[in-house]
Amino acid sequence: MAKIFLDADTFIDINEGRNKTPIKQLAGQALYVSVSSIGVWLYVYKRKIPGEKYENLFEIFNFVDLNQHITEKSFIGPTVDFEDNVQLHSAVESNCDLFLTNDKNLLRMGYFGKV
């Protein structure tokens, strides 16, 4: 079983039903997401809570806490985009094997840490 980190764009696309990789194809894998991605998704799409719709998120995804360590590293890099850095450092912090994103700038990196 692979540990797969979903960038915010991929996580949002899955939850909005417009993902290029259907969640069924990821079944059996350990899926990780930064907790900050929930805030971005709910804010941008004006989703209301509480709601039964969100309860299954905790059955499907493992959420990586945004902590001081990740925040400090994100201010240093490796990119000029803080949110991207949070995603990358969260993936490394959770020891993920793969980083799933649609972000062309991040894809150009090829790898970050062991991800």
Inset, instruction - With runs of 4+ DSSP H residues as the only contributors, calculate the mean residue ellipticity of the chain at 222 nm using -39,500 (n - 2.57) per run, divided by the residue total and rounded to the nearest 500. - result: -11500 deg cm²/dmol
Inset, instruction - Grab the Cα-Cα distance for Lys46 and Met109, subtract it from 0.36 nm times how many residues apart they are, and report the gain in nm with one decimal. - result: 19.5 nm
Legend entry - Over the chain: Kirkwood hydrodynamic radius from C-alpha pairwise inverse distances, Å: 14.5
Inset, instruction - Report, in debye and to the nearest 20, how large the dipole of the stretch 6-63 comes out about its Cα centre when Lys and Arg carry +1 and Asp and Glu carry -1 on their Cβ. - result: 180
Inset, instruction - Once you have a ≥ b ≥ c as the square roots of the Cα gyration tensor eigenvalues for the stretch 1-48, tell me rounded if a/c is under 1.5, and otherwise prolate or oblate according to whether a/b is larger than b/c. - result: oblate
Inset, instruction - Keeping to pairs on different chains or 8 or more places apart, tell me how many lysine pairs in the chain have Cα atoms under 18 Å apart. - result: 5
Inset, instruction - For the stretch 62-69, take each phi angle, set θ = phi - 60°, evaluate the Karplus expression 6.51 cos²θ - 1.76 cosθ + 1.60, and give the result in whole Hz per residue in order, putting x for glycine and proline. - result: 9, 9, 9, 5, 8, 10, 4, 4
Inset, instruction - Take the alpha carbon gyration tensor of the stretch 61-115, find the square roots of its eigenvalues, order them as a ≥ b ≥ c, and report rounded if a/c is under 1.5; if not, report prolate when a/b exceeds b/c, else oblate. - result: oblate
Inset, instruction - With springs only between Cα atoms under 10 Å apart, run a GNM on the chain and tell me which of Ile12, Ile49, Ile38 wobbles the most. - result: Ile49
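Given Cβ point charges of +1 (Lys, Arg) and -1 (Asp, Glu) and nothing else, what value in debye, to the nearest 20, does the dipole of the chain about its Cα centre take?
280
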Legend entry - Accessible surface of the chain, 1.4 Å probe, proportion on carbon and sulfur as whole %: 56
Legend entry - Leading residue at positive end of dipole, the chain (Cβ point charges), from Asn95, Val33, Asn56: Asn56
Legend entry - Solvent-accessible area per residue, Å², over the chain with all protein chains present [probe radius 1.4 Å]: 61
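The values are calculated or read from the model by the stated rules, or taken from the named source; none is laboratory data. If you're wondering where the values come from, they're calculated on a predicted model, not measured in any experiment. Here Cβ is always computed from backbone atoms with ideal geometry, including for glycine, and neighbour counts include all displayed protein chains. Just the protein is used for accessible areas: all its heavy atoms, side chains included, with ligands, DNA and RNA removed. Shrake-Rupley method; radii C 1.70, N 1.55, O 1.52, S 1.80 Å.
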